[in-house]
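A short write-up of the structure that comes next.
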Amino acid sequence: MEFTFVSGHLALDLAATLTWRSTYPIELLAGPRDLSAWIVQAGLVDVAGRVGDADVERTRELREAIYRTASANPLERQPRAGDLRLISRTAGGKQVTPVLGELGHAVWRGNVDQALATVAHQACVLLGGPDHRRIRACADARCTRLFVDHSRSGSRRWCDKSTCGGRANAAAYRQRRSQHGSLGGLVAGPDE
């Protein structure tokens, strides 16, 4: 499986491994092989070690804690204390470490626990720092992906301009074309 990393932050990319949460949820971390693939594709390690079903379950628990916390709006709903504890406790573990093999070449090594500690640490930095104010939800009502808006104006609307943004632009174009077409027969031309 190929995963998509467009959230602008690794913790939010993990949160996106359950897609279309409000309409038709699709679990992308269905088993150990999926988790191994995500860990490698996320660039956490060069080779994912042994991954079991319990690792998948722990990853999903962390993912959901990150998602709930990142999507919480303190003015409306405070983050759950249990989620904050889980993220913080996981972040306290030993993280993935690079091993320098030669100049210009590092190998990233670690097990699932270290990969989760690394993601949780990054989640703590994001959620506990000023960039938490830049977390946005995709403007596509069906998409539930969160992303960090790094745009200068702070007006990014789509998780990914080639998917959700592209669909929105195509729909707007079709709408304009159909309105133009229906008005075309009603408006007199310049020769009439």
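The values are calculated or read from the model by the stated rules, or taken from the named source; none is laboratory data. Please read these numbers as outputs of a predicted model, since none were measured by experiment. No Cβ is skipped: glycine too gets one built from the backbone with ideal geometry, and neighbour counts run over all protein chains shown. Side chains are part of the model used for accessible areas, which takes the heavy atoms of the whole protein and leaves out ligands, DNA and RNA. Shrake-Rupley method; radii C 1.70, N 1.55, O 1.52, S 1.80 Å.
In table form, for the structure just shown:
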read-out: Local net charge near Val56, Cβ-Cβ under 11 Å (Lys/Arg +1, Asp/Glu -1); value: -2
read-out: Radius 14 Å from Cβ of Ala30, net charge of other residues (Lys, Arg +1; Asp, Glu -1); value: -2
read-out: Portion, in percent, of the accessible area of segment 1-87 that falls on carbon or sulfur, probe 1.4 Å; value: 53
read-out: Heavy-atom accessible area order for Phe147, Phe5, largest first, 1.4 Å probe; value: Phe5, Phe147
read-out: Difference of contour (0.36 nm per residue) and Cα-Cα distance, Thr4 to Thr19; value: 4.3 nm
read-out: Heavy atoms of Cys164: accessible area, 1.4 Å probe, square angstrom to 10; value: 0
read-out: Per-residue SASA entry for Asp83, accessible area with 1.4 Å probe, Å² rounded to 10; value: 10
